[in-house]
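Here's the structure we're looking at; comments come further down.
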Amino acid sequence: MPETVVRELLDVYGRRYRVGESDRALLGRSRTWIGWLAGAAMFAAGVQQYGFGVLAPVLSRAHGWTFTEIVLAFGLWAVCQASVAFPVAWLRDRQVLGPAAAVVLGGVLCAIGLVTLGHADSMGAVFLGYSVAGGAGTGLVYATCVGAVLRWFPDRTARAGLASGAFAFGSVPFVLIAGYLLTVDTRAVLLDVTAALVLVVLVAAGLPLRYPPEHWWPERPDPRAWALDRTRNRNVVVNRPAVRHFRPGEVLRCRKTLPLYVTVAFAAAVLLFDVGYLATFVAARGGGPVLAAYALAVLALATGGGRIVLGRLADRLGRRRILRLALATGGVAQFVLFSAGEHRVAWGLLAGVALAGLGNGCCYTLLAGLVREYFGEDSVMQNFGVLYTAKAAGAVLGIGLATFVATAHGYAAAFAAAGVVSMAGAALGGRVAQPGRPESLLPAA
């Protein structure tokens with residue numbers, strides 16, 4: 001067998017590539033295997049986010065907790081989940097926390113979060129077990145799996161959309177089953193079984209998970225030709241590579257980071273608002289638990305499908321253009337679903353929910369590509385972690401402030417505010433620009 005010759009190449013943009021090692025030589029099988037592992041892990045981890053909405057009414061009936069207390073626990077969960085991404089990347093880059101250990105640890109914490117929701121009899125226990133432990137566990141899985149996909153598929157940025165989409169898809173079976181079976185009496189059994197399944201899937205998917213060497217590139221295509229091939233690689237035309245590589249500290253100091261950060265925060269705020277409030281809104285308008293479950297399932301399906309479809313479209317049409325279009329769609333969706341819910345038009349409600357998931361759920365998939373193309377690849381996952389904390393800011397806006405608005409002025413004001421915030425994100429997306437490149441030279445996207 002001929003000896004493997006490993007070389008490091010540079011393209012015209014100054015990006016480095018490690019070539020000479022095939023994925024089969026490194027893994028013993030195709031890199032597609034990593035995509036399946038990451039997708040399975042994300043499928044299991046997403047239950048705690050998209051499944052929470054269907055649990056909220058039952059938790060309130062079980063212990064007399066107010067909806068405000070319950071939804072704030074979800075907001076804290078989102079803050080903890082988003083805040084873990086940067087530390088995970090920092091530890092991984094220093095070879096302190098490997099991908100297998102991160103996902104397995106995340107699986108244990110996710111299981112703790114679900115069991116807590118099934119058995120806790122105090123809000124303090126919910127905040128500690130679900131919000132902190134469960135949120136951190138989900139963040140460990142999310143950050144690790146997105147990083148694995150980006151590293152193994154450097155030539156296919158849209159593959160991150162498949163893993164991110166799986167995060168939304170995973171809650172659909174749980175939400176639909178809960179819509180029919182979840183009661184105060186069945187809560188503990190249903191969540192215990194779900195926790196066990198989540199733990200098994202995350203351990204099984206996490207143990208074989210590996211990262212490739214730094215700057216690894218597959219056998220085909222040739223990276224230097226790919227960087228210039230405007231026919232096969234449309235991404236080169238509409239999503240220009242970074243001018244240079246930024247470290248996390250430089251990202252924080254860069255003035256062009258703020259518009260992107262706020263845009264992601266606005267998108268996250270509206271999505272988290274919908275996840276947290278949708279089931280309760282449907283129930284308050286006489287829709288019942290089954291319609292509420294279907295609404296949440298449609299939200300998750302549209303979010304997952306949108307991340308896959310819009311991720312691919314962004315490679316062809318430009319990430320900034322797709323981001324603005326999606327957020328504008330998500331803003332309109334808030335008015336559609338509220339109006340349909342008020343008038344008890346089920347099909348209109350579900351159509352509005354689908355538009356909301358499609359619009360506001362895509363930002364994380366687009367963010368992975370934008371971070372790479374705006375700030376370079378040397379610290380891509382740490383930089384992604386920095387920008388991903390915008391979800392924590394979005395949780396404060398979409399859960400914290402929305403709770404005040406809904407309590408003081410009702411659902412009409414809350415959904416109207418969500419629509420305006422999403423539209424503001426679409427407008428602000430026009431200010432998103434690549435650092436170091438003159439505005440006049442930016443592609444139209």
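Remarks
- Applying the criterion of at least 3 residues that are over 26 Å from Ser30 (Cβ atoms), of a type in the set (S, T, N, Q) and at pLDDT below 85 to the helices (runs of 4 or more DSSP H) found wholly in region 129-239 leaves an empty list.
- The residues listed here are Val103, Val115; of these, the one that is at pLDDT 95 or above and farther than 20 Å from Ala166 by Cα is Val115.
- Failed item, numbered, when Asp315 is tested on (1) closer than 24 Å to Leu428 by Cα; (2) at pLDDT 85 or above: (2)
- For region 335-370, a residue qualifies if it is closer than 15 Å to Phe273 by Cβ and of a type in the set (D, E, K, R), but none of them does.
- Scanning region 264-293 for residues that are among the small types (Gly, Ala, Ser), modelled with pLDDT under 90 and assigned to a helix (DSSP H, G or I) turns up Gly276, Ala279, Ala283, Ala284, Gly288, Ala292, Ala293.
- When Gly75 is tested against the conditions (1) surrounded by fewer than 16 Cβ atoms within 10 Å (Cβ to Cβ); (2) of a type in the set (Gly, Ala, Ser); (3) in contact (Cβ under 8 Å) with a residue 60 or more places away in the chain, the lone failure is (1).
The values are calculated or read from the model by the stated rules, or taken from the named source; none is laboratory data. Quantities reported herein were computed from a predicted structural model and do not represent experimental measurements. Don't worry about glycine lacking a Cβ; one is built from the backbone with ideal geometry, like all the others, and counts go over all protein chains shown.
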